[in-house]
Structures are given as structure tokens and as C-alpha cells.
Ligand code: ADP
Ligand code: MG
């Protein structure tokens, strides 16, 4: 009897709690388990009860708020019998030392958990404000309807409903794997309890300690902070993500498909030669400019500028303008059908054209099926384009490919000067999309492809890619990553930020699992007391948050490197 009471006293508070819960079941709910006389299956049942609560807390893909509520509910349920027991003891004239200790430990646990959650929410909200502020700085948006971040992401922050565990695939998986590991340990303890029925209570105590450490909350906090931190650092550098899933996807991209015009070249086209056929030079330029009046393609802008036609002005007589992606435009003007575009556009309409003698991008003009000549244009490679591509490689990009609608003679020269691994020319939008699918299939299905363009006629290419990156500040289509900075070096910097963030996350997930496992073992072998374990568990969470915040300096480190 004496020995038994000694053993009871040494029982860690976790089992102590379970005992109190069982008293609660017996006395308040008048529940009695029929098998409990045989051995401590009563405790076993309570252990399962705790398991379900922790499982709900850890696994159910709900918002952080609800998770927190579940966690609080689990602790409060555990505390009720403790308080009742304490009152009973006080009435008997005894001091409930153990109960008070458990009570304080639990309150402390709740307080620390709330503190870590609050820090996480505040940090993420600050990040979002900063993301918006920095983006506004870059974009100089004149309208009030500022919609760079998608509404879902913004609302989630505002309602502090931050978590999106389903979408943070990798972290959801590792926290699940991590939870499963602890559940397995828990089950091993329970099986041992069944095998050694005489010391079942001892094993169940140990199983409960394992469950205390099974919560992957710290990993989730870390995941949130690193994702929003990455978005914040990127905004500072001049890039805006559509939502908080993109940084993770972007970090996984190993293949980059670039379009040429306005992406690796500056898109400031200069007309180098005008070759009219049967009309004057000015007449040819004017017809081309009128046909381009509605296009926002860099080529259209250059032609309109040369002809003195203002951007946005539609000359009277223009009835219908159709843009043909990767080819040019077809315009109905004063009763005449005008085609302005590359050779492939004229071939589509069986119109004869002259092959230019000089190299360059030729924009052919045809009026009512009659060839009227061509404009030879060229643009320069963007500043720092070479360095940007080299940096992408240094940070982990494996294949850099150029997919362009321009002619081979022009695109090959640019591709070789920029050291691209592969170049495909004269592609239509759809052909660019299938080229991306082909690239993915050659690298295996898990390969991720980022498509980088200027946002003009890139919709099909963007759609077939895993992450779409646009250099257009206000693209027509929804893009995953918008580079609002004029500097192409922003792209490798953001890639570096995303990859480093994922690395930070991996390290913290592994580190957390290792440290928690260590403390769990120390707890199970009774080296550490339950109160110390509770404090340690939450110290780990706070540590994880601080570690996640180190990703904020990435942008500065990237710029220095
Ligand atoms: P890239 O693939 O290099 O980004 P695009 O797909 O935007 O280039 O355009 C490919 C080609 O299609 C251009 O080189 C040009 O010959 C033709 N083109 C596209 N849009 C126009 C336009 N508005 N006017 C004339 N030609 C155009
Ligand atoms: Mg383009």
C-alpha cells in the first residue's frame, strides 16, 4: 500500500491529470469502465481521450484560432478535475501542493502558447503592411484599388486567420510526419503497458508525456513566419507574390523559361530600317502605327512613337483590332484589312513578303493582301541580364531556356550572349506552352518550371508553368510573382530569398523534432519533471519563432553577396 502511494506520488502530472479526469468521469458523470478492475485500462481510455484532443489540435486543417481553442479546451478539461481535487483536499484540511503545481504549470503553458501565437500574428500582420507599403512605393499606384496581393491572403491576415496548412504542403507534411512519429511512440508505450500489466500505470504516464511533445504548433508558427517573412523581404527588393504559397513553389523551380522581348531585352525597340514596297516610307510607318493603335506590345509602342501617334489614341476609321499573340495585329481601317507582324502572320494569310537582307526583327506590313514592306527593329539586352542569369544558376536553377516568338537570327545571338542552355524561336503562345510541358516531361513529373515574361501575350505560357513571373507592373493576367522593380537582378534575389527560406524551414523543422524528441526521452525516463517539460516545450516554440525571423535579413544578405 505504502509502495503504491509512493509510486503515485512520483507519477508525472500528465498521468496525474488523467487520473483526475477519470475521477471526474466516475464521480460527476457516474461513468465506470467494466474492465478497469483487471488493470489500468481506465488510464488507457483517458490516454486515448487526450490523444483525440491532441490529434484535433495538431491535425485538423482549421485556422490557428480554432486550433488554439482546441488546445485551450484540452488543457481546461484536464484542469477541472485538478481544481475539484484541490478543493476536496482543502476541505479535508490538507494542502494540495501537487494540484497547485499542475495548475500553475498548465496556466503557464497556456500563457506561453498564447504569447508565441500573438507574436506570430503580430509579426505576420506587420509583414503584410510592409509588403503593401513597399509595393506601393515601387508601383506608384495612382488608383486606390490596390490589388497586388490577392484578396484571400489579405483577408487572412486581417482576421489573423493565418494558417493554410493544406497549402503549405511541405510543412503540412512534415508536421504530419512528425506527429505520426510521436503517435507511434505513444502507441508503443501503450502496447508496453498492455504487455506489462503490473506496471501499466507507469507506461501510460510515459505515453502521456510523449503526447505533450507531439504538438507540431512550433513548426506551423515557423512556417507562417518564414513564408510571410520571405514575401516581406521580396517586397522590399521589388517583387510581389500573389499569395503565401508561391514562395514555396518558386523555391522548387529548377527550370526557368524566359521569353525574350521585354524580359531579357529592355523592350525599347528602335527602328533601324524602313523598306517600303510601292508606297513611301512615311506612309508605311503611318499605316503600321494606325494598325498598332490598340496594342500595348513593346513593338507597337516603338512604331507608334516613330510615327508620332500618341499612346491610347485610336484614329477615326479604325473599326476592329485583333492581336494575334506571337505574330502581330490584324486591323480593319477605312475599309481596308491591314496585317502588321512577323513572317508567320503573312504566311497564315498567304501573302508574299520580302525576306530582309539584314539581320533583325522584321515587322511586315500588308494592306488588303498586298505586301507594303517591312520595318526592321532591334532592342538591346537588359542591363545586368547576364549577371541575373548567372546568379539564378548560382542559387540553384538548373536549366535556363529562352522561348521566343522572334526569328532565330535575332534570338540565337541574344541567347548565346546570355549563355542560355537552349533557345526555341518563332513560337506562338500555344507552342511556348507546349514547350514548357515538354521541358517538364524531360525532367520528370516532379520538375517545376517557372515562366518569366513581360506579361504581353504570355497567358498560355504562364498557365502551363508552375510559377508565372511577370516584369509587367500591371499585367492583364493573374501572375504568381510580379517583379515591380526595373532591375532584372531582383529575380535571382527573390529566388535566393525563397530557397533560403525553405532551407531555414527545413532546418527548424528537423531541429525542433530533434530537440523535442530529446526532451521527450528525458521526460519519459523521468530525468525532468513535468513542470520543467511544459516550460521547455514552450521555450522551444518561442525559440522556433525567433529562428524563423532570421529569414528577414536575407534580402540584405543577398544584396551584399
Ligand atoms: P517574345 O516571345 O520574345 O516575348 P512576343 O511573343 O511578344 O515575343 O512576340 C513575338 C513576335 O511576334 C515578335 O517578334 C513580333 O515579330 C511579333 N509580334 C507580336 N506582337 C506584335 C505586334 N503588336 N506588332 C507586330 N509584331 C508583333
Ligand atoms: Mg513577350
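The values are calculated or read from the model by the stated rules, or taken from the named source; none is laboratory data. As the structure is a prediction and not an experimental result, all values here were calculated from the model. Cβ atoms come from the backbone with ideal geometry, glycine included; neighbour counts cover every protein chain shown.
Quick check, is residue 459 over 26 Å from residue 360 (Cβ atoms) and within 16 Å of ligand 1 (Cβ to nearest atom)?
yes
Which residues, counting only those in the stretch 389-408, are within 13 Å of ligand 1 (Cβ to nearest atom) and touching a strand residue (DSSP E or B) at 6+ places or on another chain (Cβ under 9 Å)?
Correct list: 401, 402, 403, 404, 406, 407, 408.
Here's a check for you: in the stretch 286-337, which residue that is assigned to a loop (DSSP other than H, G, I, E, B) and under 19 Å from residue 273 (Cβ atoms) is nearest to ligand 1 (Cβ to nearest atom)?
Within the stretch 286-337, the first condition is being assigned to a loop (DSSP other than H, G, I, E, B), and the residues that meet it are 292-297, 308-317, 325-327, 334-335.
Cutting the leftovers down to under 19 Å from residue 273 (Cβ atoms) gives us 292, 308.
Values: 292: 6, 308: 18 Å.
Ranking the candidates gives 292 first.
Between 429, 378, 416, 357, which is out of contact with any helix residue (DSSP H, G or I) (no Cβ under 8 Å at 6 or more places or on another chain) and modelled with pLDDT under 90? Walk me through how you get there before you give the answer.
Details: 429 fails: out of contact with any helix residue (DSSP H, G or I) (no Cβ under 8 Å at 6 or more places or on another chain); 378 fails: out of contact with any helix residue (DSSP H, G or I) (no Cβ under 8 Å at 6 or more places or on another chain); 416 fails: modelled with pLDDT under 90.
Of the residues listed, the single one that is out of contact with any helix residue (DSSP H, G or I) (no Cβ under 8 Å at 6 or more places or on another chain) and modelled with pLDDT under 90 is 357.
When you go through (1) more than 11 Å from ligand 1 (Cβ to nearest atom); (2) crowded, with 16+ Cβ neighbours inside 10 Å; (3) more than 20 Å from residue 265 (Cβ to Cβ) one by one for residue 450, which number turns out not to apply?
Only one criterion is unmet by residue 450, namely (3).
Could you go through the stretch 325-340 and let me know if any residue there is out of contact with any helix residue (DSSP H, G or I) (no Cβ under 6 Å at 6 or more places or on another chain), closer than 21 Å to residue 267 by Cβ and surrounded by 15 or more Cβ atoms within 10 Å (Cβ to Cβ).
no
What single numbered condition from (1) away from ligand 2 (no atom under 16 Å from the Cβ); (2) touching a residue at least 24 places away in the same chain (Cβ under 8 Å) fails to hold for residue 314?
(2)
Could you please find all residues in the stretch 419-443 being within 16 Å of ligand 2 (Cβ to nearest atom) and closer than 17 Å to residue 256 by Cβ? Can you show your working first?
Our first condition is that a residue be within 16 Å of ligand 2 (Cβ to nearest atom); within the stretch 419-443, this holds for 420, 423-433, 435-436.
The answer is 420, 423, 424, 427, 432, 433, 435, 436.
Pairs under 6 Å by beta carbon, first residue at negative phi and at pLDDT 90 or above in the stretch 247-265, partner part of a helix (DSSP H, G or I) and within 10 Å of ligand 1 (Cβ to nearest atom), six or more apart or different chains?
Cβ pairs passing all conditions: 260/411.
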